[in-house]
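Here is the structure we will look at.
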Amino acid sequence: MTRLTRFLSAPALAISVVSSTAVAQERSAATSEVFSRYASRVIKVQVVETSSGAKASFGSGFFVTADGHIVTNYHVISSLVNTPERYRAELIEPGGATLAVTVVAFDAINDLAVLSSGLRGRPYFDIGPTPVAQGTRLFSLGHPKDLGLSIVEGTYNGLLLHTLYPRIHLTASLNPGMSGGPTIDDAGHVIGVNVSTQGNQVSFLVPVDRATDLLRSALAANARREAPSLAQVARQLRDHQDVFLRTMFDSSTKTMEFGPFRVVTQPAPFFRCWGDATHDEDLPYERSRHRCATDDDIYLDEDQTTGTMTIDHELISTKTLNTSRFFALYTSVFSSDNSPSGLEEFVTSWKCVTRNVRADSLPMRAVLCLRRYRKLGELYDGFLKVAVLGSRDVGLVSTLTMTGVTIDNVKRLSERYLRLVAWR
Amino acid sequence: MALILEVRDGRGIPAWHRLETLPLTLGRALSNDIIVDDPYTDAHHARIQLDESGEIAIEDAGSVNGLRSDGARANGKIIVRPGVEVRMGRTILRFRDVNEVVPPALVESPPASLYSRRLETTFGRGAIVVLMLAAVALVTWLGNTERSSSSSVLAAVLAAAGVSFVWAAIWAVAARGADRRFHLAGHMTMISLAILVVLGYSVLNEWLTFFFPDSTVVSVAYVGVVLVVLAALIAGHLSVVNALTRKRRWRAGFITSGTLLVLILAPGMLQDDEFSDVPPFEGRLKPVPASLVPTSTVDEFLGAIGEAKEEADREKLGSDSN
């Protein structure tokens, strides 16, 4: 899934605009009307390095108050939050003039931010709840690939069913650079904020009610005025994970049969699960895999996200390999690296403890690794990997990965997970 | 009192000459009574003769480097008595009493142990090399998981044979003994024995790390064993060519292997501070019946996470202060 922020290393592709059938002629008239009516409310947002003036990232944003507040995505201005002393944010008017803007509030979990430009009297979108039906024609505005303000037609296809953070599915060709721009109906009501795309006209929006909530708390009379920092991101992460981790892996967790074992699957609706198996006649062993992962993640930097959880089960069995050779295979599966990547800038190295553990009479080799975030307070990534012992010709390697969690959650979830691995 | 002259060349090899028929001439020329093969001596360097008082004396015959006694160049003649030492170029001339008492003969003892007896025979040596190659083949086969492992086993055996041969050949050439023989078979035996022991201990070490994970004792023991085996290997090579006494051989072995290990391990340990996003853990698994695995409880395991947390916190705080 590509976020729609144009980073200067992204390759260039063509933008898609409206189609050209006869029916579309009629529709394109409406599109051009929509564009002319609302284009002035959309501006380009960019983050610039203060010392060199080099562009770090850019996206789009739109005015939401008479005082010149702007809504955009968190990931458009994340560099500023990561290293405030190195960057500044500015908006770029259609005419090309730049104006400094400040970050007033952000919601890293839902990927939104509110900026203040101080520009009064500009036309703005009055955001609020708007009913919308499946199949409604919508219009996305933004700056795809730095090619100027553009309008893209799309179709509303409802809220995604199984995500942790709500997302609207929009069938449209959104492109990098349109992040933070509005997607509106033909009456100018904002339905969502452009956030990401999977290509092939599959794009996603943050529902407007999230933006409304953020704006309301940003404007509240007693709102905390603190400079944007990673400490806030940490706080948001911690508050948010308490909600969905409380019941994770409890006794009601779904399990499935996997070879001679019983393993966890689909721990919550917002996980996506899939599996595969090797059927190579030439190999003297069989191998199957079952994985579940959360799709949503929280953006910290171009190569560093957090707030994810994955489960990975790998089953191997043999009828022909002798015990020693089977265990050579088992060892290589257990030792292979399926941990999440990480940047030195954001996390420490992994620190691991290894033990042979007996959980509910099942003996396993268990490894638990931790690494700490350097700038997110007391948040860690946890990596638990177990191999079931005691059989000569069948083995299970099961991995649980959790990112951006407190140490208590690492312990609690690891304990529950260990007890969920079982023979059938 | 009869004297005998001991002539010791630059390499320390002695030769003896009786002083019965005087005068005697010494020098490099082949017409001398005592011929000395030393580039720092003249063709006619010195002469031993009875002087006016009837004493035996040695005198320089007009040479470039002269004769040195007690470190200084001698002017005139030197009276020769038992114990007198004179330097002629790089050659040492020592005059000794023919009735000097020599230490008694040593008793010849049978070869010290089974080890040296067996190793001395061709059969024993061949057996060790074959055993080593068989062990390499077995270990490779047991670690291989393809349907047909023969190619990797063959490759491993050839590699082991090749590496040992090259190692033994280097020793054979570099340490050619005083008997001017290469002793290649002996060197091959030594390296094969070392490989066998290291291979055997590596297998044992796998089981130890399986039963005792995260144990510093086990890791240190492994380093210790490699250190000792390497030292023994070097001592063994030196014994094949009979160089140095046993104590000196082992000392050379330990110094060399200690230095090598430090050179190899030090960069690795310094790099421990380098960042990596790959989790470092011992993934070795062993087929042990469930009841025989010594295990911790889940609580003990989770309690141990405190150590990992402390290490991570320390690294984070370390970078905070940078």
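The figures follow:
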| item | result |
| --- | --- |
| J(HN,Hα) series, the range B:281-291, from Karplus relation 6.51 cos²θ - 1.76 cosθ + 1.60, nearest Hz, glycine and proline x | 8, 8, x, 5, 10, 10, x, 10, x, 3, 6 |
| Simple label model, 7 Å out from Cα along Cβ direction - residue A:212 to residue A:277, nm | 4.9 |
| Inter-part distance where the range A:247-324 and the range A:165-221 are each reduced to a Cα centre, Å | 32 |
| Radius of gyration and maximum dimension Dmax of chain A, Cα, Å | 24.5, 79 |
| Helix B:184-211 axis, angle to chain B major axis (alpha carbon atoms, nearest 10°) | 30 |
| Interchain or long-range residues, amide H under 5 Å from residue A:136's placed H | A:156 |
| Rounded to the nearest 10 Å², the accessible area of residue A:88 at probe 1.4 Å | 90 |
| Shielding by partners - mean other protein chain Cβ count within 10 Å, residues of A:375-385 | 2 |
| Residue B:30 versus residue B:307: modelled label distance in nm, points set 7 Å from Cα along the beta carbon direction | 7.8 |
| Largest-first principal axis extents, alpha carbons of the protein assembly as shown, Å | 138, 64, 53 |
| The range A:31-38 - phi-based ³J(HN,Hα) in whole Hz, Karplus 6.51/-1.76/1.60, Gly and Pro as x | 4, 5, 5, 4, 4, 5, 6, 10 |
| Computed over the range A:208-320, Kirkwood Rh from alpha-carbon pairs, angstrom | 17.9 |
| Amide H contacts under 5 Å for residue A:390, placed H, 5+ residues apart | B:288 |
| Estimated vicinal HN-Hα couplings, Hz - the range B:2-7 in sequence order (Karplus 6.51, -1.76, 1.60; Gly, Pro = x) | 8, 10, 10, 9, 9, 9 |
| Gain on full stretching of the segment that runs from residue B:166 to residue B:9 - 0.36 nm per residue minus C-alpha separation | 53.0 nm |
| The range A:176-268 - charge dipole about Cα centre, Lys and Arg +1 at Cβ, Asp and Glu -1, debye rounded to 20 | 340 |
| Loop-located GluC sites (Glu not before Pro) in the range A:28-116, at most 10 other Cβ atoms within 10 Å (DSSP) | A:85 |
| Unit charges on C-beta of K, R, D, E only; dipole of the range B:142-268, Debye | 740 |
| Centre separation in Å (Cα based) which lies between the range B:241-279 and the range B:178-208 | 17 |
| Estimated FRET transfer efficiency (residue B:317, residue A:86; beta-carbon r; R0 25 Å; 0.05) | 0.65 |
| Entries of A:319/B:286; A:145/A:375; A:254/A:351 with Cα pairs more than 20 Å apart | A:145/A:375; A:254/A:351 |
| Residues with amide H under 5 Å from that of residue A:62, placed H, sequence gap 5 or more | A:43, A:71 |
| Most positive-pole-ward Cα, A:321, A:380, A:401, against dipole of the range A:315-424 from beta carbon charges | A:321 |
| Average Cα contact separation per residue, chain A, under 8 Å, 6 or more apart, as relative contact order % | 13 |
| Relative contact order for chain B, counting Cα pairs under 8 Å that sit 6 or more residues apart, in percent | 9 |
| Pairwise label distance in nanometres, residue A:338 with residue A:130, each label 7 Å out on the Cα-Cβ vector | 4.4 |
| Segment residue B:65-residue B:270, extension gain: residue separation times 0.36 nm, minus the distance between their alpha carbons | 68.2 nm |
| Average other protein chain Cβ within 10 Å of Cβ, residues A:318-331 | 5 |
| Listed residue (B:259, B:271, B:232) projecting farthest to the positive dipole end of the range B:211-292, Cβ model | B:232 |
| Mean-position separation - Cα centroids, the range A:40-81 and the range A:396-424, in angstrom | 39 |
| Total charge dipole magnitude, chain B, about the Cα centre, Cβ charges on Lys, Arg, Asp, Glu only, Debye to nearest 20 | 1360 |
| Relative contact order %, the range A:331-404, counting alpha carbon pairs below 8 Å whose residues are six or more apart | 26 |
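The values are calculated or read from the model by the stated rules, or taken from the named source; none is laboratory data. Only a predicted model underlies this, so the values are computations on that prediction, with no experimental measurement involved. Here the Cβ is made from the backbone with ideal geometry for all residues, glycine too, and neighbour counts use every protein chain on show. Just the protein is used for accessible areas: all its heavy atoms, side chains included, with ligands, DNA and RNA removed. Shrake-Rupley method; radii C 1.70, N 1.55, O 1.52, S 1.80 Å.
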